Amino acid sequence: MGTSSSYGGPGKGGSLLPPWAPEVVASESVAPASEESQPAAPEALEPSMTWGGAKGLLTRFGSAGGAGSDAGRTYLRAAVAGYVGAQGGAAAASRAARAGRHSAQALGGFLRFLTTQGADQALEQLGLSQYVGATATSLLGALVDSLSAKDHGLEENVARSAMTKTLNALFEEHGVADDGLAALGMLSAEDVRLVIEEYVAQYIEERLIQVMGDGLQALPMDELVLRESEVWDYVRNTVHLDLKSVDVQKLDWAGPQAAALVERIFTEAHRLLAIA
């Protein structure tokens, strides 16, 4: 499940805004209203959308019954577009995702070594030779530590959580618990592309909830988890990246070409969310 409740983000008392976000003025807060009384949210938002306005739309998504209602779905589309607009547009949102881009690049490099040189060599390349033959749980923790940004700010925590969820899903799907990391050695180039796409979507969904989700915190826990799951479903179903032209098994993922590629990937993902 793509909810963000499993990682230790800031509590209700702290600000959820990232350091690069403009300050939200109190007059922009939005009180929940009934589905019937709320005007339809705009489907396209300008890059000048404020953080307060975007957060208010996500709050209305929760109070309107979530994705189970027409109004909730409209507010969710508008809130996600507003998340991009409040950052100044897709390119600016991509630039702000520093830890996310770093981790995506590291993930691509690991998957390249894994699928072309084997599990043992991939671990050795990361300086993790001691984890050859380790349990899936130990491998997961070591890989997350190695592939994620080393700092522990708000954005870095999101990048780390997204990496954990992406790798955990990959491990479960391919039976790493039973067959070890070698079970991933048969991943195709298309599988690698889908893993990278999954990571980008996980990162964006968790970052969105982190910076805008305080308006959902008043919901009962089971409803909060459901609303966050609906946000994840929406983001994952919207972010489809065309990476077929990228030879993911030959690209130097540590080089400038890969860095430019990852920035374009993040830009495209945010652009898709802004226009959906």
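Just a few scattered comments:
- On the stretch given as the range 43-88, residues that are modelled with pLDDT under 95 and charged (D, E, K, R) total 2.
- Lys150, sole failed condition from (1) part of a loop (DSSP other than H, G, I, E, B); (2) surrounded by fewer than 19 Cβ atoms within 10 Å (Cβ to Cβ); (3) touching a helix residue (DSSP H, G or I) at 6+ places or on another chain (Cβ under 6 Å): (3)
- Within the range 99-124, residues that are over 13 Å from Ala259 (Cβ atoms) sit with their Cβ atoms under 6 Å from residues that are surrounded by fewer than 21 Cβ atoms within 10 Å (Cβ to Cβ) and charged (D, E, K, R), at 6+ positions apart or across chains, in these pairs: Ala99/Glu156.
- All helices (runs of 4 or more DSSP H) inside the range 159-276 with 1 or more residues being in contact with a helix residue (DSSP H, G or I) (Cβ under 8 Å, 6 or more places away or on another chain), under 30 Å from Asp70 (Cα atoms) and touching a residue at least 12 places away in the same chain (Cβ under 8 Å): 189-212, 221-238, 256-275
The values are calculated or read from the model by the stated rules, or taken from the named source; none is laboratory data. Quick caveat: nothing in here was measured; it's all calculated off a predicted structure. Every residue, glycine as well, gets a Cβ built from its backbone with ideal geometry; the counts of neighbours run over all protein chains shown.
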